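The values are calculated or read from the model by the stated rules, or taken from the named source; none is laboratory data. Everything numeric in this text was worked out from a predicted model, so none of it was measured. Cβ sites come from the backbone with ideal geometry, for glycine too, and all protein chains shown count toward neighbours. The accessibility values were calculated without ligands, DNA or RNA, using every heavy atom of the protein model including side chains. Shrake-Rupley method; radii C 1.70, N 1.55, O 1.52, S 1.80 Å.
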Amino acid sequence: AHAFLISLCAAVAFPFVVVLSVSLRPGNFASGSLIPETISFEHWRYVFGLPYQGADGQMVMPDLPVLRWNSVKVAFCSAIVTLLLSTTASFALARIKFKGRRHMMTGLMLMQMFPAVLSLVALYAIFDRLGAAFPAIGLNTHASLVLAYSGGIAMPVWTLKGYYDTLPGEIEEA
């Protein structure tokens, strides 16, 4: 039993050891032995935003911290927009009885059945045309990313609608 567990732990740890080994090699080479012949911290310096010496001998200032900040900014804004849209939409679908409500819920369920990749060409065309009229939400902008990421609100709307359905209506009237 112990031999099986040790071999299982080794099989799980092996990919992490390989990644660590590759990160300690100079250059962009993933081939070779598990233990690197020469150890270099250039990849680690790049990840932490520290300058490192490039292949041509010049000092390179990495742009990874800026890229990381852009990712955090877009993710935070997308989360806020998704939260605002999904809470208001789900509350309206749970509490307000209106014509077409059932069809809207069916449409939200159908949207979940298709992967988001199917909309990439259409999103590109939409943001390309929008960018011609409004450059702030065109291609290669953070606003277009936030809008594209916030488009997948079908699941949060369904989940929150189910939650709002469980709340008694007397709470609102109090």
Original post:
Hey, among the residues in the range 146-166 that are touching a residue at least 40 places away in the same chain (Cβ under 8 Å) and farther than 30 Å from VAL117 by Cβ, which one's surrounded by the fewest Cβ atoms within 10 Å (Cβ to Cβ)?
Top reply: ASP165
Original post:
Among (1) farther than 20 Å from GLY162 by Cα; (2) at pLDDT 90 or above; (3) surrounded by 15 or more Cβ atoms within 10 Å (Cβ to Cβ); (4) not aliphatic (A, V, I, L, M), where does SER71 come up short?
Top reply: (3)
**OP:** Looking only at the range 90-113, decide whether some residue is open to solvent by less than 40 Å² (accessible area, probe 1.4 Å), in contact with a Pro (Cβ under 9 Å, 6 or more places away or on another chain), in a helix (DSSP H, G or I) and closer than 30 Å to GLY169 by Cβ.
**Re:** yes
Original post:
Which of the following residues is modelled with pLDDT of 85 or more, exposed (fewer than 10 other Cβ atoms within 10 Å of the Cβ) and out of contact with any strand residue (DSSP E or B) (no Cβ under 7 Å at 6 or more places or on another chain): PHE48, PHE16, PHE41?
Top reply: PHE16
Original post:
Do any residues in the range 13-33 that are over 18 Å from TRP44 (Cα atoms) have Cβ atoms under 8 Å from those of residues that are of a type in the set (Lys, Arg) and open to solvent by less than 80 Å² (accessible area, probe 1.4 Å), where the two are at least six apart or on different chains, and which pairs are they?
Top reply: GLY32/ARG25
